[in-house]
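The block underneath contains the structure these notes are about, expressed in structure tokens.
The values are calculated or read from the model by the stated rules, or taken from the named source; none is laboratory data. Predicted, not measured: the structure shown is a model, and the values here were computed from it. Here Cβ is always computed from backbone atoms with ideal geometry, including for glycine, and neighbour counts include all displayed protein chains. Please note that ligands, DNA and RNA were not included when accessible areas were found on the heavy atoms of the full protein model with its side chains. Shrake-Rupley method; radii C 1.70, N 1.55, O 1.52, S 1.80 Å.
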Amino acid sequence: MTLFHATAGACARHRPGLPEGVVHLLAGTLHGVRRPALLDPGAGTGQVPAALLPVLPQLARPDLVDADRDMPHQADLFLRPLLTGRAAAFHPVPAEEFTAPEEGHRADLVTCARAFHWMDRPAVLAVADRVTSPGAALAIMGDGSLWTHRAPWTTALRELIQSRLGAERRTGTTGTYSGPDRRYPDTVVGYLRSTGFARPALFGDRHPRFEAEARALLEQHAAKEGGLVEDTVFDVLLARRPGGAR
């Protein structure tokens, strides 16, 4: 069982997607490739291929890798309307254990969004080196975390979580929440279910009470501050092998 077992539904509904600028940056790495293949380790519910499929009609096949078996199921439901006759492959294994699905298959773009910190990073990079084309691009990306963002409402929410689970962040550096001017406490509460630091399993039978308190806290801050705003910067680390740039 993985850390995010039973959170796939919350991830699918409440995790934010990719900024438009990031989508076009990633698409640009595949310029001139006739039928590019995408490899997405830590794919979760498929937000990266979901963002790329509409702008890359030539994308031949996305390979989604996630150790949590619930995530590929949600990704399949999410991506099916976007594939338009194309195939997607789902690999319910840790990213470090991924192998090329068939002899000679090579990815042209490897993306890892909001997940690289959970992985054995040198092992995942070694996998990427083995299963990519010579000119392939690797994109490691993510944005800020609600846990570390400094706004009155995020500080109050973090303090509520700590009052129930202790001051330590329970699972280390974790996922993200972004989206300016979101005014819906239920969206934030739903996002919390998808994180490592406030997933329902940590609370046990105290979880319903925690969510009720969180909603009340967020309603209070939304009324006082005119909304729930979290400004974030989305970082993309883009790399190729030496001499591999197109």
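The condition of being of a type in the set (Phe, Trp, Tyr) and assigned to a helix (DSSP H, G or I) does not hold for Phe90. Cβ-Cβ distances below 9 Å connect the following pairs, each with a first residue in the stretch 96-121 that is among the small types (Gly, Ala, Ser), a second residue that is part of a helix (DSSP H, G or I) and open to solvent by 70 Å² or more (accessible area, probe 1.4 Å), and a separation of six or more residues or different chains: Ala100/Arg130. Can you say whether Thr99 is assigned to a loop (DSSP other than H, G, I, E, B), modelled with pLDDT of 85 or more and over 20 Å from the mean Cα position of the chain (by Cα), as far as the supplied structure shows? Considered against the rule, which asks whether it is assigned to a loop (DSSP other than H, G, I, E, B), modelled with pLDDT of 85 or more and over 20 Å from the mean Cα position of the chain (by Cα), Thr99 comes out as yes.
Looking at the stretch 190-220, which of its residues are aliphatic (A, V, I, L, M), open to solvent by 10 Å² or more (accessible area, probe 1.4 Å), touching a helix residue (DSSP H, G or I) at 6+ places or on another chain (Cβ under 7 Å) and closer than 13 Å to Leu165 by Cα?
Here is the first cut: in the stretch 190-220, the ones aliphatic (A, V, I, L, M) are 192, 198, 201-202, 212, 214, 216-218.
From the residues that got through so far, the ones that are open to solvent by 10 Å² or more (accessible area, probe 1.4 Å) too are 201-202, 212, 216-217.
Adding the requirement that they be touching a helix residue (DSSP H, G or I) at 6+ places or on another chain (Cβ under 7 Å) leaves 202, 217.
Across the stretch 190-220, the qualifying residue is only Leu202.
The residue of the stretch 55-83 that is modelled with the lowest pLDDT, among those that are over 15 Å from Arg35 (Cα atoms) and not in a helix (DSSP H, G or I), is Arg69. Annotation: Arg114 fulfils all but one of (1) of a type outside the set (A, V, I, L, M); (2) in contact with a Ser or Thr (Cβ under 6 Å, 6 or more places away or on another chain); (3) open to solvent by 50 Å² or more (accessible area, probe 1.4 Å); the unmet one is (3). Of all the criteria given as (1) within 30 Å of Leu26 (Cα to Cα); (2) modelled with pLDDT of 90 or more, the one not satisfied by Asp205 is (1). Checking each residue in the stretch 30-56 for being over 11 Å from Asp66 (Cβ atoms) and in contact (Cβ under 8 Å) with a residue 60 or more places away in the chain picks out Leu30, His31, Gly32, Val33, Pro36, Ala37, Leu38, Leu39, Gln47, Val48. Residues that are of a type outside the set (Gly, Ala, Ser) and assigned to a helix (DSSP H, G or I) were ranked within the stretch 32-54; the one that is most open to solvent (accessible area, probe 1.4 Å) is Pro54. Please enumerate the residues belonging to the stretch 211-232 that are charged (D, E, K, R) and in a helix (DSSP H, G or I). Of everything in the stretch 211-232, those that are charged (D, E, K, R) and in a helix (DSSP H, G or I) turn out to be Glu211, Glu213, Arg215, Glu219, Lys224, Glu225. Do we have any residue at all in the stretch 7-22 that's at pLDDT below 90 and either open to solvent by 60 Å² or more (accessible area, probe 1.4 Å) or more than 27 Å from Pro185 (Cα to Cα) (or both)? For the stretch 7-22, residues at pLDDT below 90 and either open to solvent by 60 Å² or more (accessible area, probe 1.4 Å) or more than 27 Å from Pro185 (Cα to Cα) (or both): present. Within the stretch 184-210, the set of residues being assigned to a helix (DSSP H, G or I) and closer than 27 Å to Leu18 by Cα comprises Pro185, Asp186, Thr187, Val188, Val189, Gly190, Tyr191, Leu192, Arg193, Pro200. Within the stretch 103-111, the presence of a residue that is modelled with pLDDT under 95 and either of a type in the set (A, V, I, L, M, F, W, C) or not in a loop (DSSP other than H, G, I, E, B) (or both) is excluded.
Go through (1) over 30 Å from Gln220 (Cα atoms); (2) surrounded by fewer than 18 Cβ atoms within 10 Å (Cβ to Cβ); (3) within 21 Å of the chain's Cα centre (by Cα) for Gly135 and report which single condition fails. Exception for Gly135: condition (3).
So if I check each of Pro152, Pro101, Pro57, Pro72, which one is of a type outside the set (Val, Ile, Thr) and crowded, with 21+ Cβ neighbours inside 10 Å?
On the way: Pro152 fails: crowded, with 21+ Cβ neighbours inside 10 Å; Pro101 fails: crowded, with 21+ Cβ neighbours inside 10 Å; Pro57 fails: crowded, with 21+ Cβ neighbours inside 10 Å.
Matching residue, one of Pro152, Pro101, Pro57, Pro72: Pro72.
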